[in-house]
Amino acid sequence: MAIRSAQVAFLLALFACSSSSAFGVSSSLGATSLALSSADKNRPVSKVTALLKDMLKQLEKEAEEDEEIYDKMACWCETNDKEKTQSVKDAQARIEDLTTQIEELTANSAQVDTELKNYEGELASDQKALDKSTALWQKQTSESNEEEKDLLGSISALKAAITILKKHQGSSLLQLRSSRRSTVASTLRTVMAKHAKLLKGSLTPSQRRSAMSFLQADGDYFDAAPTFKQSYAPQSGEIFGILTQMLETFEANLATTVKEEKENTQSYQDLKSAKTTQINSEEKQIDKKTQQLADTNEKLAQAKEDLADTKASLAKDEEFLAMLKEKCSMTDSEWNERQKTRQQEMEAVSKALAVLSGDDAHDLFTKTFNPSLLQTASRGSSKAQASQWLATAARRLSSPRLSLLATRVRLDAFTKVKAAINEMIAQLGKEKAEEFKKKDWCEDEFNTNTLQTQKKERTKTEVLAQIEDLESTVKQLTGAMDNLKSEVKEMEIQRKRAGEDREKANKDFQTTVADQRATQKLLKAALTILDDFYGKKGAALLQNDGPAPPAGFDAYKKNSASGDVMSMIEKIIQDAKTLEAEAVRSEEDAQKAYEDFVKETNGSIEAKGKQIVNKSEEKAKAEGELVEAKKSKDATTLELEQLANYKAQLHQSCDFVLKNFDVRQTARDEEVSALKQALAILSGA
């Protein structure tokens, strides 16, 4: 602009020189590289005015270029300022929401952690109570089994002793063989020593003294002649009664012990069932709370990460927004300054042209350079009036085109000026129609873009909700399947262990039965042998009532202990049969319990297997839907990005038109009005 100002000053100086001498003007123009053809018929001043007109055209072109640049910059500033301001507001709202969410998640995490610890404490307490009850029950069962074993042994021994005494009911114990008396005494001594506490309340003092007297008497004592002291020796009937009472006491106590054991076992099983149910419920709650805590902590970590990212993004947006405002403010200032300076320059050039194109200057130049071209004063007056009208309108509307046209009115012929005005009016009308068309198109495109964006946003929200729901469903199904598989695996292990235990127990049963039957067979063989010999009538009891035979062999006597031995063998055979029968019943019960367990376990495994298959199908279906939902989300996101990009392009193309539409239309109408008025002036001249 400084160069052009210097050119203007130079031209004005050149004009001053030309007023003195045409030769001087020609020399000056030659010195400034504005060489003129020697054959040029135009006046030197025409060259100056032509140069000034070119300068005005250049200024107008530069003004239009600056206006185009400024429009783009203004659109960029407005679009980015609006977007970044909204982005900052969204980020601030997002930060506030995330802060609230983090506080809520932190509180939820602490609450869930506390609930989890409470469940773990309750589980440990219940498990400890169950373990304690189990240990107590096992101890009681062991003691009961030991007591039952002792009682069964004592009952068996008492029955054997009673069997011996039955054969001598009512006779003195002195009449018992020494071996049988020793057997009875040994049984009585062992039983009284082992069950002293139990017998304390069941035997009277008299019975206890009789028993003790029987136990304190040895074989020689009974074989010797009776003394005063031995006159109190008990009869076999009294000892038989004591043994019978002891047997009844033991059998009653055994029945009570068995009953109490069953009651204790039932109580323990009830307690175990209740505790197991409670423990299972607590374990499920622990699993649930553990998963809930993990999910909450994961969401908390994600929220914290989102908060950090949002704060970082907010800082960048605020930094960019500050830079944007500064740059746009500087651009506005520069634009205003350039407009002001250019307007001043154009006014200077226009004034110079006005001076050179005035009527007085025209007449003077006509007289000086080409008198034959002098025009009438009335025509010069009309052109001056039209030029003045256009110059005034140009200043009022800040229109370079009107300013240039005002200059052309002064310099050009009427026909050319009217043609230029009509052409400009037509051009302005065309621009007005095109601007109306563009405004309507922009509004339609913005409305369509907004509706499509809103529709896609709703679609995206629905798809995101669907994805979240499907991911939760897949996660729940995966957890449920894992739990079912673990339960199936555990049941298979328990079934395998039960089978191994059953196999082992069956082997023990087979061994026990075989041993008992072998024992019975062996004892029966021994009993048969003894019975064949000792069971012959009179073989061992013949006595000679006649006179004593002469000295010779002593009479052969069968062993007096044979009866006790045979009785004990029979008792042992009976006990072996009893044990065999009990073993068979136990085996049958155990086998039935095992079969019921296997049947129940197989049913549970089959049911859980069906559940796994069903949940697998549900999971596969959910995963397929999840894949499709994610594809839909990606497609929708891409469409939203395309819509946003297109909207940004619309802003760049339409914001200036929409924002300044009314102002530009009004200015254009006024400009057309000014042109028509100037045309009317020229037409009336």
How many residues, within the range 474-499, are over 29 Å from the mean Cα position of the chain (by Cα) and closer than 16 Å to Lys284 by Cβ? 0
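Identify all residues within the range 636-661 that are among the charged types (D, E, K, R) and farther than 19 Å from Tyr70 by Cα; write none if there are none.
Glu639, Glu641, Lys647
Condition (residue is at pLDDT below 90, surrounded by 13 or more Cβ atoms within 10 Å (Cβ to Cβ), under 48 Å from the mean Cα position of the chain (by Cα) and under 26 Å from Leu428 (Cβ atoms)) applied to the range 655-670: is it met by at least one residue?
Yes, there is a match, as at least one residue in the range 655-670 is at pLDDT below 90, surrounded by 13 or more Cβ atoms within 10 Å (Cβ to Cβ), under 48 Å from the mean Cα position of the chain (by Cα) and under 26 Å from Leu428 (Cβ atoms).
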Out of all the residues in the range 262-276, is one or more of a type in the set (A, V, I, L, M), out of contact with any Gly (no Cβ under 6 Å at 6 or more places or on another chain) and without any contact (Cβ under 8 Å) to a residue 60 or more places away in the chain? yes
Looking only at the range 329-377, which residues are of a type in the set (A, V, I, L, M, F, W, C), open to solvent by less than 70 Å² (accessible area, probe 1.4 Å) and either in contact with an Asp or Glu (Cβ under 7 Å, 6 or more places away or on another chain) or modelled with pLDDT of 60 or more (or both)? Trp335, Met346, Ala348, Val349, Ala352, Leu353, Ala354, Leu356
Keeping to the range 87-113, report how many residues are crowded, with 17+ Cβ neighbours inside 10 Å and polar (S, T, N, Q). 4
Exclusive hit being open to solvent by less than 80 Å² (accessible area, probe 1.4 Å), in contact with a Phe, Trp or Tyr (Cβ under 9 Å, 6 or more places away or on another chain) and not aliphatic (A, V, I, L, M), set Gln127, Gln140: Gln140
Condition first: modelled with pLDDT of 90 or more and over 30 Å from Lys647 (Cα atoms). Can you find one or more residues in the range 431-454 that meet it? no
List the number of the failed condition for Gln494; all other conditions in (1) within 30 Å of Leu626 (Cα to Cα); (2) open to solvent by 40 Å² or more (accessible area, probe 1.4 Å); (3) not basic (Lys, Arg) hold. (1)
It is to be established whether one or more residues within the range 334-343 are assigned to a helix (DSSP H, G or I), touching a residue at least 60 places away in the same chain (Cβ under 8 Å) and within 30 Å of Ser472 (Cα to Cα). no
Among the listed residues Lys558, Lys621, Lys524, identify the single one that is modelled with pLDDT under 90, surrounded by 11 or more Cβ atoms within 10 Å (Cβ to Cβ) and in a helix (DSSP H, G or I). Lys524
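Among Phe214, Phe228, Phe222, which is over 23 Å from Leu152 (Cβ atoms) and either β-branched (Val, Ile, Thr) or at pLDDT 65 or above (or both)?
Just a single option satisfies the conditions, and that option is Phe214.
The values are calculated or read from the model by the stated rules, or taken from the named source; none is laboratory data. This is a predicted model, so every value here is computed, not measured. Note that each Cβ is placed from the backbone with ideal geometry, even for glycine, and that neighbours are counted across all protein chains shown. What goes into the accessible areas is simple: the full protein's heavy atoms, side chains included, and nothing from ligands, DNA or RNA. Shrake-Rupley method; radii C 1.70, N 1.55, O 1.52, S 1.80 Å.
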